[in-house]
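To keep things clear, I will list the structure first and then write my remarks on it.
The values are calculated or read from the model by the stated rules, or taken from the named source; none is laboratory data. Every value quoted in this text rests on a predicted model; they were computed, and no experiment measured them. Cβ placement follows ideal geometry from the backbone for every residue including glycine, while neighbour counts extend to all protein chains displayed.
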Amino acid sequence: MSPGDGADRPGPGPGPEGRAPLGQGVAGQGVAGQGVAGQGVVVTGAGRGIGAALARAFAEAGARVVVNDLDADAAKAVAEQCGGTAVPGDAAGVEGLAALVGRARDALGEIDVWCANAGVAPAGGSDAPAAAWALAWEVNVLAHVRAADLLLPRWLERGGGRFVATVSAAGLLTSLGSAPYAVSKHGALAFAEWLSATYRHRGLRVHAVCPQGVRTDMLTSSGAMGEMLLAPTAIEAEDVAEAVLTGLREERFLILPHPEVADYYAVRATDPDRWIAGMNKLQRGLEKGGAL
């Protein structure tokens with residue numbers, strides 16, 4: 001736990017434009033719905049997987065949801081499922097993000113919660129093509145930085161907002177077989193930590209979501225390595241979405257849909273040599289099994 005856990009939470013009072021105050025529950029709501037009913041939520045990369053599950057879960061909890069994805073048909077399908085608004089397009093580049101934020105504000109009035117969920121997982125090590133490194137950094141890190149830059153002025157003026165970063169346990173640990181993914185996810189976690197440490201006292205709440213294996217297309221595309229390492233403990237995307245809503249309600253920075261990740265992280269922090277030796281043992285096993 002950090003020294004600031006549980007501190008500086010916003011007190012009760014009227015929210016902007018008559019909405020419920022950020023982070024406050026509403027009488028009659030269930031646990032998952034507290035603090036999000038009536039809120040304007042944007043989910044990037046929401047055409048499938050975790051993003052789609054997040055969009056549906058927020059909508060079921062009473063939020064007004066903008067569904068974003070590069071795949072316009074997928075975004076529209078999810079929006080129809082949850083009664084949200086589809087705003088397809090790029091959620092990483094400077095121009096694409098500016099357009100997304102503008103259209104989301106047109107649809108919602110205000111953006112109360114931004115879920116930076118879009119992500120990529122290019123394979124390879126130090127030999128990965130420069131384009132793979134650039135893509136991982138652009139989508140997994142810079143998209144978060146650019147979104148925050150666009151959202152912060154209004155959030156700080158209002159005195160609140162929520163930034164939810166879908167990071168991955170790879171941001172706390174590592175990801176064998178994909179250096180660009182592991183490195184960029186560490187960057188995403190570092191930026192989320194910086195945001196929270198810098199702006200928490202001004203009402204910003206930041207949440208870093210760090211699951212291990214989730215039964216999505218990304219896990220399927222990881223092939224034999226994913227099957228050996230992640231599939232045995234993989235959970236559904238809906239489980240991640242439920243953990244996110246609970247984490248928001250409980251005001252937790254680190255959201256761990258796989259609780260055991262906390263134990264792995266503790267070993268990494270207290271005995272890094274032991275942890276690296278264990279990861280190298282896994283690497284050797286993957287190589288022997290033909291997964292790498």
Looking at region 121-133, can you tell me whether even one residue there is under 14 Å from Val43 (Cβ atoms) and in contact with a Gly (Cβ under 8 Å, 6 or more places away or on another chain)? no
Matching option when the condition is in a helix (DSSP H, G or I), of a type outside the set (A, V, I, L, M, F, W, C) and in contact with a strand residue (DSSP E or B) (Cβ under 7 Å, 6 or more places away or on another chain), among Gly51, Gly102: Gly51
Would you be able to say whether some residue in region 148-169 is closer than 30 Å to Gln283 by Cα, outside any strand (DSSP E or B), in contact with a Ser or Thr (Cβ under 8 Å, 6 or more places away or on another chain) and at pLDDT 95 or above? yes
Could you list, in sequence order, all residues of region 54-78 that are surrounded by fewer than 24 Cβ atoms within 10 Å (Cβ to Cβ), touching a strand residue (DSSP E or B) at 6+ places or on another chain (Cβ under 7 Å) and in a helix (DSSP H, G or I)? Ala59, Lys76
Quick one: which of Gly40, Gly15, Gly23 is under 13 Å from Arg162 (Cβ atoms), modelled with pLDDT under 95, small (Gly, Ala, Ser) and under 18 Å from the mean Cα position of the chain (by Cα)? Gly23
Looking at Ala234, Ala291, which one is touching a strand residue (DSSP E or B) at 6+ places or on another chain (Cβ under 7 Å) and modelled with pLDDT under 95? Ala234
Using beta carbons and a limit of 8 Å, which pairs, at least six apart or on different chains, have the first residue in region 113-134 and touching a residue at least 60 places away in the same chain (Cβ under 8 Å) and small (Gly, Ala, Ser) and the second one loosely packed, with under 13 Cβ neighbours inside 10 Å and assigned to a helix (DSSP H, G or I)? Ala121/Ser221
Members of region 178-197 that are buried (at least 21 other Cβ atoms within 10 Å of the Cβ) and either of a type in the set (S, T, N, Q) or not in a helix (DSSP H, G or I) (or both): Ser178, Ser184
Would you confirm whether any residue within region 88-108 is closer than 22 Å to Val240 by Cα, surrounded by 15 or more Cβ atoms within 10 Å (Cβ to Cβ), modelled with pLDDT of 95 or more and in contact with a Gly (Cβ under 9 Å, 6 or more places away or on another chain)? yes
Quick one: what pairs do we get from region 152-178, first residue touching a residue at least 60 places away in the same chain (Cβ under 8 Å), second surrounded by fewer than 22 Cβ atoms within 10 Å (Cβ to Cβ) and basic (Lys, Arg), C-beta under 8 Å, 6+ apart or different chains? Gly159/Arg202; Gly161/Arg154; Leu172/Arg268; Leu173/Arg268
